[in-house]
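The structure appears right after this line, and notes come after that.
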């Protein structure tokens, strides 16, 4: 009987541990490495440092990301058509920034307009088995701190 009570009290703790970590065996999340830090899509939204959302209305966007036709004309390119075992993953470290893609926009969170034309703050090229265009856009905006890229002023 005592064993049953111990087992019954341990099960809720195990379930809580699974939810706290996000899952039993979390899959590899899309990630990019920049200098000594990395930016990764969060496996669970409450662990994210930055929440981004997407819109179809350019007037509501705070950041515009253009899908480029070639890697040469892009600011950021993702190409991983080669079959590999660890594609799209980075080594996690204390400086890793986690980005979550939210369905609804928060007041101070970046709202991304993703299109194939028009003016853009960032241009990306994505040909990947591991990254979607939305993942790549969220990571690039997350790497920029969630703000528009600063354009150098000319005199």
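Worth a mention:
- Residue count, the range 97-131 (criterion: touching a residue at least 60 places away in the same chain (Cβ under 8 Å), outside any strand (DSSP E or B) and within 17 Å of residue 48 (Cβ to Cβ)): 1
- Applying a threshold of 9 Å to beta carbon distances and a minimum spacing of six or more residues, or different chains, the list of pairs starting in the range 54-82 at a residue that is without any contact (Cβ under 8 Å) to a residue 12 or more places away in the chain and ending at one that is surrounded by 11 or more Cβ atoms within 10 Å (Cβ to Cβ) reads 59/113; 72/125.
- Residues of the range 132-146 that turn out to be outside any loop (DSSP other than H, G, I, E, B) and either modelled with pLDDT under 90 or under 10 Å from the mean Cα position of the chain (by Cα) (or both), as a count: 10
The values are calculated or read from the model by the stated rules, or taken from the named source; none is laboratory data. What you are looking at is a predicted structure, and each value in this text was computed from that prediction instead of being measured. Here Cβ is always computed from backbone atoms with ideal geometry, including for glycine, and neighbour counts include all displayed protein chains.
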